[in-house]
Amino acid sequence: MKPPRQVFRIVPVLLLCIGSISAQELQDTVQIEQVEIRASRVEDAGAKATVVDTTILQHQMSASLSELLSQNTSVFIKNHGRGALATASFRGTSPSHTQVQWNGIDLNSPMTGMVDFSLVPVYIIDELSLRHGAASLADRSGGMGGSIRIGNSPGWDQGRSLKYSQGIGSYRTLDEYLFAGFGKKVFRSKTRMYHNSSANNYTFVNYGIGEIDPLSGEIVHPIDTNGNASYRRYGLLQEFYYRPAASQLLSIKYWAQAAARVIPKPSSYEGPDNANLNKQTDIDHRLVADWKGYGDRGQLLLRTGYASKRLDFIQRNRIAGLGLDTSIYAIGRQQSWMNTLSLFPDVGTKLELEATIDARFHDVSSHDRVTGLAYERQRNEWSFLLSARRKFRERFTINLMLRQEWIEGRRVPVIPFVGADFKLIRDRNLFLKAHLARNYHQPTLNDLYWQPGGNPGLLPEEGFSMEAGLAWSGGIPRLEWESELTVFRSDIHNWILWIPSFKGYWEPMNIRRVETTGFEAGLKLNGTAGPVAYRFGGQYALSRALNYGDPLVWGDESYGKQLVYTPLHSGNAFFRVAYRSFFLSWQHNSYSERFTSSSNDPTSRHRLYPYFMNDLSAGAEFRLLKMDFRLELKVHNLFDEAYHSVLFRPMPGRHYYLLLQFEL
């Protein structure tokens with residue numbers, strides 16, 4: 001389908017600006033540091049952003065992004081088991097309302113709209129940041145909860161480096177990581193390879209089934225094993241960076257990954273262990289190339305990316321006398337092409353402008369070889385973003401964003417954002433921040449066309465959001481801190497929810513309205529006490545997500561109730577202390593009760609109890625035989641707590657992990 005005519009009116013204007021920037025003489029005095037990072041983004045004012053410390057990324061390199069987010073941010077991760085599907089709920093919203101980008105290209109599936117964070121290893125991440133709420137409009141629309149940015153950087157000062165890490169842990173877990181980097185000043189290459197595997201056969205108290213003790217009359221729950229739950233993952237990340245001049249940077253990044261998982265039966269299942277076998281394989285390829293140019297009149301970014309995915313799901317049932325019979329053999333394929341053109345004209349120190357055009361094309365197919373049910377679809381998406389940020393007298397900053405999108409040639413209503421910062425005390429970093437915005441989320445391709453159950457008549461989700469908060473940063477000798485308090489509210493209409501139908505399968509439908517309100521608080525400390533260095537970070541979130549659908553359809557029991565699997569309270573804390581070459585860290589995260597029924601039924605079958613998780617790790621860094629070593633022992637679930645993130649999907653008790661790394 002041809003792009004809308006409005007885009008052709010915008011492109012020539014940008015091309016004229018590009019020519020102006022490209023034609024000017026590139027100055028040798030442009031600082032190399034400017035090539036790596038932009039000091040200030042246009043969308044910062046009035047927006048809440050969380051940047052994950054690089055120290056946390058380095059020391060959680062063996063974890064998945066789902067583990068890191070649940071332990072260090074206000075995002076709630078719904079885990080279907082260790083190594084299994086993990087989705088996000090940002091500010092009480094659904095998984096498809098969290099937009100995720102890797103080096104500027106989308107990770108969200110055009111079919112489901114969500115990201116499986118268990119398949120994103122922390123090892124491949126150099127930079128990680130979150131945009132809360134409508135601040136995600138700087139990336140794209142649809143992030144009702146927020147957006148997550150994953151990035152990689154050249155590391156020009158690292159020079160030649162070779163690192164190998166190996167981890168062994170409980171449940172026959174084995175991890176391997178290899179890093180090789182070389183080049184400096186003009187050209188740099190970085191290669192990362194990894195392999196993760198685990199039998200994942202942990203034991204647990206099975207509260208899903210039980211028997212009555214004839215003597216005591218009490219219900220006795222058996223100890224079961226999480227069988228048929230193994231996983232294996234291979235991956236490669238290759239990066240090339242080239243600077244033909246001090247004012248230009250060309251980069252190419254390729255990430256490939258293959259993952260295979262056996263999906264265990266729910267703990268409520270009481271049949272034979274080998275009666276039902278489920279296996280899922282994910283094969284992903286992602287490629288992104290971008291060019292950045294810097295001149296006296298502004299900055300320019302050109303980016304193109306490609307992503308492909310194949311997901312196979314096979315379910316086999318054992319039939320007496322016949323053996324294993326395949327009941328489901330579903331194959332999903334998707335390809336996406338993503339292109340971006342961004343211009344940052346230099347119009348003075350008080351005003352910053354940004355103009356961006358995004359073009360996306362998706363081609364997907366889904367087919368079940370057993371039932372023959374299938375669908376194939378394509379989707380074109382065009383988006384234009386105009387941002388302006390203006391400072392007034394050094395204390396007040398206003399930020400405006402306008403995003404216009406076209407989906408399959410249909411124009412989406414204009415999506416505005418108005419935000420502001422005000423410095424309350426002239427010589428202190430104490431800011432009052434607020435914004436008001438609209439947002440808009442298209443139904444996913446599965447929502448519209450999945451067989452059986454897709455609903456082509458679904459309406460897009462749309463709503464308004466607002467937030468306000470205080471941000472304070474400062475320091476005294478030997479201690480620095482950052483803190484932030486935020487309140488937010490969103491009213492989302494036509495919320496899409498899959499529900500069981502009388503036809504015997506699930507169908508998506510729009511519910512009239514969902515209201516999310518909440519409060520977030522965060523604190524970071526970084527200091528020293530003599531030879532001891534320490535870091536502390538803590539966050540708390542209250543997220544109330546209430547269903548205000550039509551009571552004639554939903555019934556009074558669900559009207560005004562918290563959405564399923566959404567905790568009202570969540571929090572985490574991190575503390576790390578280092579003395580010379582030794583370090584010790586403690587990690588805590590906790591969640592309040594969650595309901596599995598829309599009526600918030602308080603019975604044990606429809607309620608997941610609160611849980612409080614604690615992890616402890618200790619290690620040392622030392623030099624031996626002209627090599628740098630790091631040895632670390634981690635204890636997960638320190639107090640051996642029994643807990644579930646999803647009903648009938650138990651998580652492991654106390655388990656251990658040992659990591660050894662050496663660098664040449």
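What follows is calculated from the coordinates using simple rules that are stated; it is not laboratory data. What you see is a predicted model, and the numbers here were worked out from it, not measured in a lab. Cβ: placed from backbone, ideal geometry, glycine included. Neighbour counts: every protein chain shown.
When peptides 534-540, 468-474 are sorted by average Cβ neighbour count within 10 Å, with the highest value leading, the order is 534-540, 468-474.
Might you report the magnitude of the Cβ-based charge dipole of the chain about its Cα centre, with Lys and Arg at +1 and Asp and Glu at -1, to the nearest 20 debye?
1360
Footprinting exposure proxy ranking of Ile283, Ile314, fewest other C-beta atoms within 10 angstrom first, gives Ile283, Ile314. Database remark: amide H of Gly142 closer than 5 angstrom to the amide H of Tyr440 (H placed geometrically; neighbours at sequence offset of 5 or more, or on other chains; Pro and chain starts carry no H).
I need the calculated FRET efficiency for the pair Tyr329 and Tyr254, taking r as the beta carbon distance and R₀ as 25 Å, to the nearest 0.05. Result of the calculation: an efficiency of 0.25. For segment 266-374, taking the reciprocal of the average inverse distance between every pair of different Cα atoms yields a Kirkwood hydrodynamic radius of 18.4 Å. Computed extension gain for Tyr375 through Thr596, at 0.36 nm per residue and net of the alpha carbon distance, reaches 76.5 nm.
Placing a label point 7 Å from the Cα of Leu351 along the Cα-to-Cβ direction, the residues of segment 284-300 whose backbone N falls under 15 Å from that point are 298.
The calculated FRET efficiency for Gln158 paired with Leu287, based on their beta-carbon distance and R0 = 25 Å, is about 0.60.
Remark: segment 109-120, residue by residue, has Karplus-estimated 3J(HN,Hα) of 6, x, 7, 9, x, 10, 10, 8, 6, 5, 9, 10 Hz, where x stands for each Gly or Pro and the curve is 6.51 cos²θ - 1.76 cosθ + 1.60 at θ = phi - 60°.
Once the Cβ-Cβ distance of Ile168 and Asn317 is raised to the sixth power relative to R0 = 41 Å, the FRET efficiency obtained is 0.70. Please state, to two decimals, what the Cα-based radius of gyration of segment 369-457 comes to when divided by 2.2 N^0.38 Å (N = residues). Output field value: 1.75. Look at the alpha carbon pairs under 8 Å that are at least 6 residues apart: their mean separation over the length of the chain gives a relative contact order of 11 percent. Find, among the chymotrypsin sites (Phe, Trp or Tyr not before Pro) in segment 362-460, those assigned to loop by DSSP (not H, G, I, E, B) with at most 10 other beta-carbon atoms within 10 angstrom. When the chymotrypsin sites (Phe, Trp or Tyr not before Pro) of segment 362-460 are filtered for loop state and at most 10 Cβ neighbours within 10 Å, nothing remains. Once you divide the Cα radius of gyration of the chain by 2.2 N^0.38 Å, the number left is 0.98.
Among rounded, prolate and oblate, which fits segment 117-230 when a ≥ b ≥ c are the square roots of the eigenvalues of its C-alpha gyration tensor, a/c under 1.5 means rounded, and a/b larger than b/c means prolate?
Since a/c reaches 1.5 but b/c is at least a/b, the shape of segment 117-230 is classed as oblate.
Of Lys433, Lys350, the sequence from fewest to most neighbouring Cβ atoms within 10 angstrom is Lys350, Lys433. Both radii were evaluated on the Cα set of segment 58-133; the Rg over Rh quotient, with Rh as the Kirkwood radius, amounts to 0.92. Once backbone amide H atoms are built at 1.01 Å from N, Leu324 has Ile319 as its partners under 5 Å, excluding neighbours fewer than 5 places away on the same chain.
Taking θ as phi - 60° and the Karplus parameters 6.51, -1.76 and 1.60, the scalar couplings of segment 649-661 work out to 10, x, 9, x, x, 4, 8, 10, 8, 10, 10, 10, 10 Hz in sequence order, x denoting glycine and proline.
Shape summary of segment 346-504, radius of gyration then Dmax from alpha carbon positions: 22.2, 69 Å. Taken one residue at a time, the phi angles of segment 392-400 give Karplus couplings (6.51, -1.76, 1.60, θ = phi - 60°) of 10, 6, 6, 10, 10, 10, 10, 10, 10 Hz. Gly and Pro are set to x. In this simple spin-label model, placing a label point 7 Å from the Cα along the Cα-to-Cβ direction at both Leu525 and Gln451 gives a separation of 6.0 nm.
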